[in-house]
1. About the Cα centre of the chain, how large is the charge dipole given +1 on each Lys and Arg Cβ and -1 on each Asp and Glu Cβ? Please answer in debye to the nearest 20.
2. If you take the charge dipole of the range 166-268 about its Cα centre, with +1 on Lys and Arg Cβ and -1 on Asp and Glu Cβ, which of Leu185, Pro217, Asn254 is farthest toward its positive end?
3. If R₀ is 41 angstrom, what is the calculated FRET efficiency for the pair Leu97 and Lys6, using the beta carbon separation as r and rounding to 0.05?
4. Of the cross-linked pairs Lys122/Lys169; Lys16/Lys160; Lys113/Lys210; Lys162/Lys233; Lys160/Lys233, which ones have a Cα-Cα span greater than 19 Å in the structure shown?
5. Tell me which trypsin sites (Lys or Arg not before Pro) from the range 1-91 have a DSSP coil assignment and no more than 11 other beta carbons within 10 Å of their own.
6. Hey, any idea what % of the range 52-121's accessible area is carbon plus sulfur with a 1.4 Å probe?
7. Based solely on C-alpha atoms, express the radius of gyration and the Dmax of the range 1-130 in angstrom.
8. Roughly how many Å² is the accessible area per residue of the chain, as a whole number, for a 1.4 Å probe?
Amino acid sequence: MKANLKIDHGLFQRLKNDPPQWWKNLKDDRELYIDIRKDNYINVYYNGGSIMKLEGASKYRAKINVEYIPLEGEKEYLPFNFQNDNISFLKHKPIELGNFSKKSLGEIKKWIKKFYPNSSEKGIQGRYVIKNKKGNGFFIDTEFQYDYKRIDMVWVDLEKKKIAFVELKTIGDKNLYKKTIGEQLKKYSDFAKKYKNELIKYYSEIYLIKEKLGLLPKFVKVKSLEDYELIEKPILLVGDCTQGWIKNNAEELNGNIKDVAFGSLYQGKDTYNFRIPYESSRNCFRLSEG
C-alpha cells in the first residue's frame, strides 16, 4: 500500500496554525464532512459530492467539479444571444463565494443534490457520516482509493477498539443481487489482510491529523488508534431497506457473502446509527468469526 501521508505536512500545519475564514466556515457547516487523503490533500464533501479538493504545502490550491458551480442570477433557463447571424450564450459569472458563506454553500449544495440526491448511495453515505451521534464509533474516512478500487467507508469502533471497512449499497444497485458481490468483498478482505499493519498505522495518522484540525466528532476522546485492530473482512451495509425487501432478500444475500464478509446490516432510509454486527439481531447479522 503506497501512502505518502505526513502528519506535519505544510497544508495541515497552516490550517491548524493560521486557519483562513473560508476553512472555518467549511468546518462549521454541519452538513459537510471532511476527509484527509493519503497524498496529503483534503476533500470537503456534501452528499458525496466534493465541494473542494484542497492541497498545497506552501500555497493553497483547490478545485471543484465544474458541474457543481452555480452561476450568478441563474434561472431554470439561460438565454441565447443573437448578433450578426451568430448565436452564443450571454456572459454569466459564477456566484460570489464570500469565503463560503451560508448563502454560497447553499447554492452549491443545490447543484450537488441534482447529481447526488439524499436517496442516492452517495447521499446516504454522507448522511451516515454526519448523523451518527451515538458515541460508540464514527466514520473516519470515505472513498478510500487503492489499486483502482474504492472502499466506501471506514468505521472506528471506540468501545471494542476496532477498525472496519464498510461497503455501502442501495436496494436499487443491480450488483447487490449478483453472486459477484462476494468477489468484490473478497478483494477488500485480501487487501486488508495484506496491508493490515500499514492500514492501522495509516488510520492512526489520519486520526491525529483530524484531531489536530478539529475534524473529529465531539464525543471522540481517545488519544490515538495505535492499539486498535483492523477487522480483515468488510461489512456490508444496505442503507435504504424496507422490511419487505429484507424478508425477501437478506437470507440469500447473506449466503452469497458469508465467507467473505464479517457481517451485514440492513437499515431503513431514515436510520443512520451504524454499528459493527458482533452479534446477529434483527436486520444485523454476524456472518464470520474473523
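The values are calculated or read from the model by the stated rules, or taken from the named source; none is laboratory data. Quantities reported herein were computed from a predicted structural model and do not represent experimental measurements. Note that each Cβ is placed from the backbone with ideal geometry, even for glycine, and that neighbours are counted across all protein chains shown. Accessible surface is based on the protein model in full, side chains and every heavy atom, while ligands, DNA and RNA are left aside. Shrake-Rupley method; radii C 1.70, N 1.55, O 1.52, S 1.80 Å.
1. Values: 54 positive and 40 negative charges, 86 e Å.
Charge dipole, the chain, about its Cα centre: 420 debye, nearest 20.
2. Pro217
3. Details: r = 29 Å, r/R0 = 0.70.
E(calc), rounded to 0.05, equals 0.90.
4. Working: Lys122/Lys169 10 Å; Lys16/Lys160 30 Å; Lys113/Lys210 26 Å; Lys162/Lys233 12 Å; Lys160/Lys233 16 Å.
Violating the 19 Å limit, Cα to Cα: Lys16/Lys160; Lys113/Lys210.
5. Values: sites: Lys2, Lys6, Arg14, Lys16, Lys24, Lys27, Arg30, Arg37, Lys38, Lys53, Lys59, Arg61, Lys63, Lys75, Lys91; in loops: Lys2, Lys6, Arg30, Arg37, Lys38, Lys59, Lys75, Lys91.
When the trypsin sites (Lys or Arg not before Pro) of the range 1-91 are filtered for loop state and at most 11 Cβ neighbours within 10 Å, Lys2, Arg30, Lys59, Lys75, Lys91 remain.
6. Values: 2950 of 5470 Å².
Carbon with sulfur: 54 percent of the solvent-accessible area.
7. 17.6, 59
8. Value returned for the chain: 55 Å² of accessible area per residue.
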